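Asks: I have a structure here, written as structure tokens, and I will follow up with some questions on it.
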Amino acid sequence: MNLSDLRPAEGSTRRKKRVGRGHGSGHGKTSTRGANGQGQRSGESIKIGFEGGQMPLYRRTPKKHHFQRPERYLPQYVIVNVGDLNRFAAGATVDADALQTMGLIRREMDGVRVLGDGELKVALTVKAMYFTPSAKEKIEAAGGKVEVLA
């Protein structure tokens with residue numbers, strides 16, 4: 001086998017469309033551009049949103065006249081449920097770094113919020129930005145402590 005024998009898998013590539021090479025090619029005369037008009041001329045470029053002179057959509061739609069804070073600037077919290085904390089050993093301190101090493105969260109973002117879904121069977125010290133009342137209750141009922149980070 002030589003490198004010159006290698007070919008792409010069948011159907012994986014298509015031949016380049018060769019336009020303007022005469023009638024026999026199937027792409028002769030107007031070279032697939034149509035008969036007349038803006039798109040047929042050379043150097044044709046139409047701005048994004050141009051609708052042939054019709055009032056474009058971005059100018060037809062009503063605009064907001066008040067400031068709205070974009071979602072990307074709002075704080076992004078990582079959510080962890082109380083039931084997920086059973087992976088930790090008894091007496092362990094659970095914070096963002098510990099959750100990351102255990103694989104419960106990918107990254108800390110702007111903080112961790114603990115929700116009360118599930119049951120906790122291990123006494124833990126949990127440090128997070130926010131706890132729902134049910135989560136706080138379940139952690140303390142299991143003999144653990146809750147520390148709210150500022």
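Asks: Under 20 Å from the Cα of LYS29, which aspartates and glutamates turn up, not counting those fewer than eight places away in the same chain?
Replies: Reachable aspartates and glutamates: GLU44.
Asks: At 222 nm, what helix-only mean residue ellipticity would the chain give, in deg cm²/dmol to the nearest 500, using -39500 (n - 2.57) for each DSSP H run of four or more? List each step's numbers first, then the result.
Replies: On the way: 3 runs with 20 residues, N = 150.
Dividing the helical sum by the residues of the chain leaves -3000 deg cm²/dmol.
Asks: Label the range 86-150 by shape, choosing from rounded, prolate and oblate, from the square roots a ≥ b ≥ c of the eigenvalues of the Cα gyration tensor; if a/c is under 1.5 it is rounded, and otherwise prolate applies when a/b is larger than b/c, oblate when it is not. Walk me through the intermediate numbers first.
Replies: On the way: a/c = 1.67, a/b = 1.24, b/c = 1.35.
Oblate.
Asks: Compare the Cα positions of ILE105, GLY143, ALA123 along the charge dipole of the range 102-150 (+1 at Cβ of Lys, Arg; -1 at Cβ of Asp, Glu; about the Cα centre) and return the one farthest towards the positive end.
Replies: Final value for the positive-end residue is ILE105.
Asks: Another question about this same structure. Rounded, prolate or oblate, given the Cα gyration tensor of the range 18-63, with a/c below 1.5 counting as rounded? If you can, show how the numbers build up before the last one.
Replies: Working: a/c = 4.08, a/b = 3.90, b/c = 1.05.
Here the range 18-63 falls in the prolate category.
Asks: Rounded if a/c is under 1.5, else prolate if a/b beats b/c, else oblate: with a ≥ b ≥ c from the C-alpha gyration tensor eigenvalues square-rooted, which is the range 51-102?
Replies: Values: a/c = 5.71, a/b = 3.98, b/c = 1.44.
It is prolate, given that a/c is not under 1.5 and a/b is the larger ratio.
Asks: Let me ask something else. Which of the following values of P(r) over Cα pairs in 5 Å bins from 0, in percent was calculated from the structure shown: [x] 2, 9, 18, 19, 16, 12, 8, 6, 4, 3, 2, 1, 1, 0, 0; [y] 2, 9, 17, 19, 19, 17, 12, 5, 1, 0; [z] 2, 7, 11, 10, 7, 5, 4, 4, 5, 7, 8, 9, 8, 6, 4, 2, 0, 0?
Replies: Among [x] 2, 9, 18, 19, 16, 12, 8, 6, 4, 3, 2, 1, 1, 0, 0; [y] 2, 9, 17, 19, 19, 17, 12, 5, 1, 0; [z] 2, 7, 11, 10, 7, 5, 4, 4, 5, 7, 8, 9, 8, 6, 4, 2, 0, 0, the one derived from this structure is [z].
Asks: Give the calculated FRET efficiency between MET1 and HIS23 to the nearest 0.05, with a Förster radius of 30 Å applied to their Cβ-Cβ distance. List each step's numbers first, then the result.
Replies: Values: r = 41 Å, r/R0 = 1.37.
So, using R0 = 30 Å, E works out to roughly 0.15.
Asks: What is the distance in Å between the Cα centroid of the range 17-54 and that of the range 73-123?
Replies: 58 Å
Asks: Apply the Karplus parameterisation 6.51 cos²θ - 1.76 cosθ + 1.60, with θ equal to phi minus 60°, to every residue of the range 91-101 and state each ³J(HN,Hα) to the nearest whole Hz, in sequence, with x for glycine and proline.
Replies: Along the range 91-101, the couplings run x, 6, 9, 9, 9, 4, 5, 5, 5, 5, 5 Hz.
Asks: For LYS64 and THR132 in one chain, what is 0.36 nm times their gap in residues minus the Cα-Cα distance, to one decimal in nm? Could you put the intermediate results ahead of the total?
Replies: Values: separation 68, 0.36 × 68 = 24.48 nm, distance 3.52 nm.
Value of the extension gain: 21.0 nm.
Only the coordinates and a few stated rules stand behind these numbers; no lab work does. Remember, it's a predicted structure, so these values are computed and weren't measured experimentally. Cβ coordinates were reconstructed from backbone atoms using ideal geometry, including for glycine residues, and neighbour counts include every protein chain displayed.
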